[in-house]
1. Does the range 50-61 hold any residues that are of a type outside the set (S, T, N, Q) and in contact with a Leu (Cβ under 6 Å, 6 or more places away or on another chain), and which are they?
2. Of all residues in the range 41-63 being at pLDDT 90 or above and hydroxyl-bearing (Ser, Thr, Tyr), which is surrounded by the most Cβ atoms within 10 Å (Cβ to Cβ)?
3. Scanning the range 33-48 for residues that are outside any strand (DSSP E or B) and in contact with a helix residue (DSSP H, G or I) (Cβ under 9 Å, 6 or more places away or on another chain), which turns out nearest to Leu14 (Cα to Cα)?
4. Testing Gly39 on (1) more than 10 Å from the chain's Cα centre (by Cα); (2) free of Cβ contacts under 8 Å to residues at least 24 places away in the same chain, one condition comes back false. Which one is that?
5. Would you confirm whether any residue within the range 21-31 is exposed (fewer than 13 other Cβ atoms within 10 Å of the Cβ), modelled with pLDDT of 90 or more and not in a helix (DSSP H, G or I)?
6. Report yes if some residue within the range 2-15 is surrounded by fewer than 17 Cβ atoms within 10 Å (Cβ to Cβ), at pLDDT below 90 and touching a strand residue (DSSP E or B) at 6+ places or on another chain (Cβ under 7 Å); otherwise report no.
Amino acid sequence: MELLTRQEACLGDLAETMGERISTISEPLRRLRDAGLVGSRHDGKHQFYSVANRHTTELVLNSFSHTVEEET
C-alpha cells in the first residue's frame, strides 16, 4: 500500500520492487481491490494498481507515521 500512495504501478513492477513473486502479491492486491482500498485499470496486457482515493492515502500514511513514532 505504501508504494501505491506514491504512484500507480503494475503487478510486475510491484513484485520486483518488493522482491516477491507476482503470485505472492496478486492475492493481497485482489483483496485490497475488493475492499475498495485499491483501484485498478488495464492498459494492454498490464493491470495497474493505485490507492483508491485521497482519504485512503491519508489513512495509509498516517498509519505508517504512527508506527514510526512508536518505534523511536
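1. Within the range 50-61, Val51, Ala52 qualify.
2. Result: Tyr49.
3. Among those residues, the one meeting the criterion is Leu37.
4. Going through (1) more than 10 Å from the chain's Cα centre (by Cα); (2) free of Cβ contacts under 8 Å to residues at least 24 places away in the same chain one by one, Gly39 breaks only (1).
5. yes
6. Scanning the range 2-15 turns up at least one residue that is surrounded by fewer than 17 Cβ atoms within 10 Å (Cβ to Cβ), at pLDDT below 90 and touching a strand residue (DSSP E or B) at 6+ places or on another chain (Cβ under 7 Å).
The values are calculated or read from the model by the stated rules, or taken from the named source; none is laboratory data. Predicted model, so just to flag it, every value in this text is computed and none were measured. Heads up, the Cβs are rebuilt from the backbone with ideal geometry, glycines too, and the neighbour counts pull from every protein chain shown.
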